[in-house]
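These notes are about the structure you will find just below.
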Amino acid sequence: MTDFQSFGINEAILRAISDMGFEEPSPIQAAAIPKILQGLDMIGQAQTGTGKTAAFGIPIVEKVDPKDMRVQALVLTPTRELAIQVSGEIRKLAQYKRVRVLPIYGGQSIGHQIRAVKQGVQVVIGTPGRLIDHIERGTLALTSVRILVLDEADEMLDMGFIDDIERILKVLPEERQTLLFSATMPPEIRRLANRYMKNPETIRVTKEEVAAPSIEQVYFKVLERNKVDALCRILDAEETELGIIFCRTKKGVDELAEALQTRGYLVDAIHGDLSQAQRDKVMNDFRSGRIEYLIATDVAARGIDVSGVSHVINYDIPQDPESYVHRIGRTGRAGKRGRAITLVTPREMKQLRVIQQVTKSHIEPRELPTIEEANERRIAQFMAEVRTAIENGESHPLIEEALEKLRADYGDFEMLQGLAYVALKDAVMEEQDDAYSFGETGAEDGMVRFFINVGKNIGITPNRLADELAQLIGISAREIGRIDIFDRFTFVEVPENSAPFLYEALKQGKLFGTRIYIEPAKPRARR
Ligand code: ADP
Ligand code: MG
């Protein structure tokens, strides 16, 4: 095990690290810091939340000459939030060694930035667009930069910053150290590295060493039409500190925020249409716990770093494995435990499989809490509150007055019954589970039988069909029931609780590449 002392860095930095509460280097730090101190170009690949900022921040602070007032290190980040966050972390690392650190990003007055630069700055953390503004105006001299860092390089490329980055690279001295950090390594990044880095060493911290143990990954099968209800039941059953709920689109974010607010959940939305002031307010509410869940798009969530995010919920499944990795990296940070929950509709099961394969992660299936379980939880919570109130002797003059009035007309137990009913009726009201009802299909007890309009004509065999359907609905092939295959059609039985999911997956869908038609079987068709 390495410790921070073994890097041979300045005492002032070690003191700052200890103030920050870091006890030992994270794996990427242990691997990267010695190489960076040696002056090598380096590519660091590790998931979000693995401590990449300090991996380059510590050597930068070590290497900066405090007497030279020119810009010596430049860090490029994709977003304003990230620039501020990285700058904050480097400032903390530099607090006992007088190093001047400045974030430079769009949205802030350029005049203010120009004045700050004139005071002298040694480490600049900036977003590409605003840096180019300064370069064009001649208000930021970068000719003495000795260390360049591309942070979250994959995000920068995704956001279309490649041309900007190349322009910035052109004004930097050839003689410099270049470091690149990224959670993923698509080919574009390799190309960038080959062009602008000198024999870079690649350091990869694999998933197993970081996120895997601290993030528990589960999925729930849900139907498109009762996704909101399913989510509420999940939220009710989770012990959440803070959570981020991801949706695919801005519209989706707004709709879900409204639906959850209406149901009394403490949530707010964040997406690209918000003004900076609105965004800051939402983020402050979130950090301080005034809202419990932040509902966001992938873009809006970039650069969000809030400690205490216990849950990441993919309300809409991520579009690609990389974004899955980015999303779930918002929880389980710095060794804390986190939970990643993905909702999967019938048509998204394939997507889930791709994500599992590419990220080599195991995402466990979970059953939605039933209505009974949800009710039991609410009642248990009510009873706990009542007990606390009794034990603390809580009371209020107006309440006592009301009790006296009731007592004049009713007995104690009658009163209690009435009070409890009023308090609990909403919590335990018959909720309706709007699952499908397939009626009598001629299946065995607990099963539903379906008719599918293809059979031996497309080469279906019992084993192939059982395997395919089991994959499609996320159960084991053994749970598929009786299968009868004819020349041009097939009957198959599946467990009742998987039936709606199968039906939605296959209606207007394909089986072994053939477009098919599926319907609940009619009982008399049974032989
Ligand atoms: P990344 O850039 O890899 O996504 P960050 O650098 O933002 O990750 O680090 C994630 C969190 O972990 C931050 O809050 C950071 O302060 C903390 N952290 C970094 N290194 C350590 C360490 N060695 N020990 C404990 N916490 C750390
Ligand atoms: Mg980072």
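The values are calculated or read from the model by the stated rules, or taken from the named source; none is laboratory data. All values reported here derive from a predicted model rather than from experimental measurement. Here the Cβ positions follow ideal geometry from the backbone for every residue, glycine too, while neighbour counts run over all protein chains shown. Note: areas computed on protein heavy atoms with side chains; ligands, DNA, RNA excluded. Shrake-Rupley method; radii C 1.70, N 1.55, O 1.52, S 1.80 Å.
Among the residues of segment 105-140, the ones that are in contact with a Ser or Thr (Cβ under 9 Å, 6 or more places away or on another chain) and basic (Lys, Arg) come to 1 in all. With respect to (1) surrounded by fewer than 23 Cβ atoms within 10 Å (Cβ to Cβ); (2) within 16 Å of ligand 2 (Cβ to nearest atom); (3) assigned to a loop (DSSP other than H, G, I, E, B); (4) not aliphatic (A, V, I, L, M), the lone exception for Pro318 is condition (2).
Taking Thr331, is it within 16 Å of ligand 2 (Cβ to nearest atom) and open to solvent by less than 10 Å² (accessible area, probe 1.4 Å)? So Thr331 passes the test. Considering segment 356-366, and only residues there that are free of Cβ contacts under 8 Å to residues at least 60 places away in the same chain and out of contact with any Pro (no Cβ under 7 Å at 6 or more places or on another chain), the residue that is most open to solvent (accessible area, probe 1.4 Å) turns out to be Gln357. Filtered by the rule that a residue be part of a loop (DSSP other than H, G, I, E, B) and within 9 Å of ligand 1 (Cβ to nearest atom), segment 27-83 gives Ala46, Gln47, Thr48, Gly49, Thr50, Gly51. Screening Ser6 on (1) closer than 30 Å to Val312 by Cβ; (2) more than 15 Å from ligand 2 (Cβ to nearest atom); (3) open to solvent by 30 Å² or more (accessible area, probe 1.4 Å) shows it passes everything except condition (1). Among the numbered conditions (1) under 20 Å from Val354 (Cα atoms); (2) surrounded by 14 or more Cβ atoms within 10 Å (Cβ to Cβ); (3) at pLDDT below 90, the only one that Glu468 does not meet is (3).
Does Leu102 qualify as being free of Cβ contacts under 8 Å to residues at least 40 places away in the same chain, part of a helix (DSSP H, G or I) and of a type outside the set (Phe, Trp, Tyr)?
Taking the combined requirement at face value, the residue does not satisfy it.
Restricting segment 21-72 to residues that are within 13 Å of ligand 2 (Cβ to nearest atom) and closer than 23 Å to Val117 by Cα, which is surrounded by the most Cβ atoms within 10 Å (Cβ to Cβ)?
Taking segment 21-72 and keeping what is within 13 Å of ligand 2 (Cβ to nearest atom), we get 26, 28-29, 32, 44-57.
Now drop any that are not closer than 23 Å to Val117 by Cα, which leaves 53, 56-57.
Working: Thr53: 24, Phe56: 27, Gly57: 29.
This residue is Gly57.
Among the helices (runs of 4 or more DSSP H) confined to segment 127-198, the ones with at least 1 residues that are within 16 Å of ligand 1 (Cβ to nearest atom) and open to solvent by 40 Å² or more (accessible area, probe 1.4 Å) are located at 153-158.
The condition (being away from ligand 2 (no atom under 16 Å from the Cβ) and either part of a helix (DSSP H, G or I) or under 17 Å from Leu82 (Cα atoms) (or both)) is satisfied by just one residue among Val306, Val354: Val354. Residues of segment 487-499 that are under 20 Å from Gly446 (Cβ atoms) and at pLDDT 90 or above: Phe491, Val492, Glu493, Val494, Pro495, Ala499. Here's a check for you: in segment 73-115, which residue that is among the hydroxyl-bearing types (Ser, Thr, Tyr) and more than 16 Å from ligand 2 (Cβ to nearest atom) is least open to solvent (accessible area, probe 1.4 Å)? Only one residue tops the list, namely Ser109. Taking each residue of segment 10-23 that is without any contact (Cβ under 8 Å) to a residue 12 or more places away in the chain and part of a loop (DSSP other than H, G, I, E, B) and looking for partners that are open to solvent by 60 Å² or more (accessible area, probe 1.4 Å) and of a type in the set (Gly, Ala, Ser) with beta-carbon atoms closer than 8 Å, six or more apart or interchain, yields nothing. No other residue among Ile84, Ile60, Ile110 is farther than 25 Å from Gln276 by Cβ and either at pLDDT below 95 or not polar (S, T, N, Q) (or both) apart from Ile60.
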